[in-house]
Amino acid sequence: MKRIAAVLALLSAVLYPFASAYAVQEVTLKDVPPLQPLHNCKHSDGTFAFQRDPCGSDMTEFSSIMHRNPDGTQAYLPLGATMNDTPDTASTPAPAAAPAASAPAVVEPLSPEAKKAQMADFRKHIAKFLLFALVIAVVAKLLKRSFILWFILGFVLRMVLVAANVMAF
């Protein structure tokens with residue numbers, strides 16, 4: 001029993017720095033996607049619908065911001081209104097023109113310093129993978145199990161935990 005407690009204490013002490021999970025990972029957008037504006041149109045029968053095409057002559061364009069009325073119901077604010085405006089005081093500006101299409105982005109090759117930084121980052125991550133597997137293998141060896149088998153299983157376990165976003169890469 002003391003041996004199992006010692007192994008669990010060793011595992012928790014050694015693997016704690018590697019077990020930090022990130023709920024939201026940072027993603028950097030390199031190219032702006034070709035987005036199209038959506039129009040929130042109120043049809044003549046009172047229903048709202050989002051559509052890519054501009055609102056027709058029998059429709060009124062509203063913003064996508066919901067406003068709670070004093071009676072408890074929710075309604076869309078007129079186009080151009082803010083949350084502080086009430087539906088009575090909100091002004092309806094002229095419809096906005098469609099945004100101009102952006103030029104395609106040019107992909108620039110990475111500089112040698114950027115490539116070195118990427119390789120250093122890659123080496124750091126691989127070292128974490130191998131160290132995790134090594135710790136699992138050492139603990140298995142303390143429990144008189146196969147070192148090589150548990151090293152491989154530790155590496156696979158780390159890949160599964162990273163894929164499941166339980167551990168940070």
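Output yes when any residue across region 120-128 is in a loop (DSSP other than H, G, I, E, B), exposed (fewer than 15 other Cβ atoms within 10 Å of the Cβ) and at pLDDT below 90, and no when none is.
If we filter region 120-128 for residues that are in a loop (DSSP other than H, G, I, E, B), which is where we start, we get none.
No; the residues of region 120-128 include none that is in a loop (DSSP other than H, G, I, E, B), exposed (fewer than 15 other Cβ atoms within 10 Å of the Cβ) and at pLDDT below 90.
If we keep just the residues of region 134-150 that are closer than 17 Å to residue 9 by Cα and of a type outside the set (Val, Ile, Thr), which is surrounded by the most Cβ atoms within 10 Å (Cβ to Cβ)? Walk me through how you get there before you give the answer.
Step one: list which residues in region 134-150 are closer than 17 Å to residue 9 by Cα, which gives 134-143.
Okay, now just the ones that are also of a type outside the set (Val, Ile, Thr), so 134, 137, 140-143.
Values: 134: 16, 137: 21, 140: 19, 141: 14, 142: 12, 143: 11.
Among them, the one singled out is 137.
Which condition breaks for residue 17 when tested against (1) modelled with pLDDT under 70; (2) over 30 Å from residue 141 (Cβ atoms)?
Every listed condition holds for residue 17 apart from (2).
The values are calculated or read from the model by the stated rules, or taken from the named source; none is laboratory data. This structure is a prediction, so every number in the text was calculated from the model and none was measured. Neighbour counts are summed over all protein chains in view; Cβ atoms, including those assigned to glycine, are modelled from backbone coordinates with ideal geometry.
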